[in-house]
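J.: Mind looking over this structure? Questions follow.
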Amino acid sequence: MTRWLPSLGAYTLAGVLILSSLIHVQNPYAYLSSIYAYSIVPSLLGVVIAVLFPSLQITLGLVFLFCRRDWKPAFVLSGVLMLLFTVVQIVALVRGLNISCGCFGRPEGNPIDWLTVSRTALLMLTAFVGFWFCKPSDELRSDGPMVSKLA
Amino acid sequence: MTGIRFMTMLGLFATVVAQATAEPADSSDRYFDSKTPTAYCGLYCTLAAAHCFGMSPPFEPMLDEQYMTGKYGSTNLDLIRLLDSIDLKGTFRSDLTLDDLRLISTPIILHTRNPSGVSYNHWLLFSGFDAAGNVMAYDPPDGTGPISAAELLAVWDGAGVIVTERNNGNRPFVWPVSFTSLAVVAVTGVFIWAIGTKARGIALIIAVSILSSAFIHLGSTGFFRNRDGVNTVIAAHFDTPLKVIRSAELRSKLDAGEVVLVDARPAEAFKLFHLPGAINIPIGSGVVSLAKRIEALRVMSADKPIVVYCRGPQCGWADKVGSLISVRTGRTTLVYRDGALGWVEQMKGA
């Protein structure tokens, strides 16, 4: 069972991260607007997030698809990203902001509620479970520990 | 597309005539005032789109309640029903990109917001690109002309109703993802694949992300080449703290011709009364109208500061419009808090 958990988590996260990032790359201005709607970050940090996060998401998604040996760091970064998303959504809910989560699609759709928070929290859990059960990258390499032992 | 642009101009003319003659619909249970022409933006766009196909449907039947069922006017479904009633076909897509606009050779009614607002509650008609790559848009009720692609992206949420002739069997083809996105995925994927055997950890993932970000945002619609687009979004969410100018100082500067005065109140109020020499950039200006006025302001007495005012001390429009002007023109912008009321009082006192 635990053998399959990292793969299941990795491919699920890959799908979610790539889908979400493509939507944000297609219209970065709408993504910037949805970041500002949270009223948490100042204008410059919002621009930095809008520039970096979609690319980070694409990269993580592609690492999950094509680069198994780097799953561990990818799980860590995905987990941290999802933790951030979960926290800011909870903060927005507590503050009573009626805004879109900005996760997928248009800035006006997908309003924040406990369902979107649970979905993001579940993805965060997936990332950390994947990290926990993922084998270290050295064990996946033919020239890893085995070569050292023979030497 | 030149023909389409010409027909759009005719459409604009028709809508202005229609606006002047039409009776407003009863909309007492709505969030908008049906007598306000801005609530008709979807209807105007539909009419202008019909003109693009050489049709001249009457405007009065469009004012029916069934075509304005949304909080702020027409919804996408209302527009599709309305297009259907005039023998046109509307196809709603929520995931359109600039690449799609370049590929689709038919008018598209785009879901946007006003540059000074944060809610996407407005429709404008896209009718093609000009030779310089600018977007030709009709922004109801009275804005028409070119705006930059970044200016459109700054106010558009990616949704739109693609308008086609009903009997035309060719459905507009829309790519599921934009070419830009495909290129980013391809380049990043190849990069990761190429260095896969040496890939190590978090640092590498972040490095690849930064390279990918640079690739996206150095492009024609990216942040680095379109500061205006970014600034418009910032100005909608953050008020730039503006210096305040008092009545006496404003009066002396006006007498000496040392300031450019901007009135942020709606056009109707501006027509009734405005400070001497003021130009009108009303709150809630559409993207086309705002782009034109800001462009005019950029070159107008470029060495003089700009002073913005609205009704009085309680009015926040001057700060909103002032912020927008400040970030878009980069010029010194002040706010005259006493506004039109304060000016009148001061004149009475004098």
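The values are calculated or read from the model by the stated rules, or taken from the named source; none is laboratory data. Keep in mind the model is a prediction, meaning the values are calculated, not measured. Here the Cβ is made from the backbone with ideal geometry for all residues, glycine too, and neighbour counts use every protein chain on show. Calculation scope for accessible area: heavy atoms of the full protein, side chains included, ligands and nucleic acids excluded. Shrake-Rupley method; radii C 1.70, N 1.55, O 1.52, S 1.80 Å.
J.: Roughly how many Å is it from the Cα centre of the stretch B:46-74 to that of the stretch B:293-350, as a whole number?
T.: Distance between centres, Cα-based: 36 Å.
J.: A follow-up question, please. Check which residues have an amide H placed less than 5 Å from B:Asn280's amide H, if you skip close sequence neighbours.
T.: Under 5 Å from the amide H of B:Asn280 lie the amide H atoms of B:Asp263, each far enough along the sequence or on another chain.
J.: Around B:Asp87, with a cut-off of 14 angstrom between Cβ atoms, what is the net charge of the other residues, counting Lys and Arg +1 and Asp and Glu -1?
T.: Within the 14 Å Cβ shell, the charges total +1.
J.: List the relative contact order of the stretch A:5-135 as a percent without decimals, with contacts defined as Cα pairs under 8 Å and 6+ residues apart. Present the calculation step by step, with values, prior to reporting the outcome.
T.: On the way: 158 pairs, mean separation 48.1, N = 131.
This gives 37 percent for the stretch A:5-135.
J.: A follow-up question, please. Starting at the first residue of the stretch A:114-131, write each ³J(HN,Hα) from the Karplus equation 6.51 cos²θ - 1.76 cosθ + 1.60 with θ = phi - 60°, in whole Hz, x for Gly and Pro.
T.: In residue order, the calculated couplings are 5, 5, 5, 5, 4, 4, 5, 5, 5, 5, 4, 4, 4, 5, 6, 5, x, 4 Hz.
J.: Also: Enter the buried accessible area of the B/A pair, total of both sides, probe 1.4 Å, in Å² rounded to the nearest 100. Could you put the intermediate results ahead of the total?
T.: Numbers: alone 17290 and 9110 Å², together 22830 Å².
Chains B and A together bury roughly 3600 Å² of accessible area.
J.: Moving to a separate point now. Under a 1.4 Å probe, what is the accessible area of the stretch A:5-135 per residue, stated in Å²?
T.: Result: 40 Å² of accessible area for each residue.
J.: Restricting to lysines 8 or more places apart or on different chains, can you count the pairs in the stretch B:227-350 with Cα atoms under 18 Å from each other?
T.: Close lysine pairs under the 18 Å cut-off: 5.
J.: Around B:Val244, which amide H atoms from residues at least 5 apart in sequence, or from another chain, sit under 5 Å from its own amide H, with H modelled in the peptide plane?
T.: Those lying under 5 Å, H to H, from B:Val244 are B:Val335.
J.: Considering every residue in B:207-220, what mean count of other chain Cβ atoms within 10 Å of its Cβ is obtained? Numbers along the way, then the final one.
T.: On the way: counts 1, 7, 11, 5, 2, 10, 12, 2, 1, 7, 8, 0, 0, 0.
Mean shielding by partner chains, rounded to a whole number: 5.
J.: Per the Debye formula with a single identical scatterer at each Cα and no solvent contribution, what log10 I(q)/I(0) holds for the stretch A:35-106 at q = 0.14, 0.18, 0.27 Å⁻¹?
T.: -0.52, -0.80, -1.28
J.: Separate question: Taking each residue of A:28-41 in turn, how many C-beta atoms of other protein chains fall within 10 Å of its C-beta, and what is the average? Before the final figure, lay out the partial values.
T.: Details: counts 13, 16, 10, 1, 8, 11, 2, 2, 6, 3, 1, 2, 0, 0.
Partner Cβ neighbours, averaged per residue: 5.
J.: Is there a simple number for the mean count of other chain Cβ atoms within 10 Å of the Cβ of residues in A:67-73, and what is it?
T.: Average neighbour count from other chains, rounded to a whole number: 5.
J.: Report Rg(Cα)/(2.2 N^0.38 Å) for the stretch A:5-135, keeping two decimals. Could you put the intermediate results ahead of the total?
T.: Values: Rg = 14.3 Å, N = 131, 2.2 N^0.38 = 14.0 Å.
That works out to 1.02 for the stretch A:5-135.
J.: I've got another one for you. What figure in square angstrom, to the nearest 10, would you give for the accessible area of B:Glu345 with a 1.4 Å probe?
T.: Taking all protein chains as shown, B:Glu345 has close to 110 Å².
J.: What residues have an amide H closer than 5 Å to that of B:Trp123, excluding those fewer than 5 places away on the same chain, when H is modeled at 1.01 Å from N in the peptide plane?
T.: Under 5 Å from the amide H of B:Trp123 lie the amide H atoms of B:Gly42, B:Thr112, each far enough along the sequence or on another chain.
J.: Now for a separate question. Which values of log₁₀ I(q)/I(0), to two decimal places, follow from the Debye formula for the stretch A:1-52 at q = 0.21, 0.23, 0.27, 0.29 Å⁻¹ with a uniform point scatterer at every Cα?
T.: With one equal scatterer per Cα and no solvent, log10 I(q)/I(0) is -0.75, -0.81, -0.96, -1.03.
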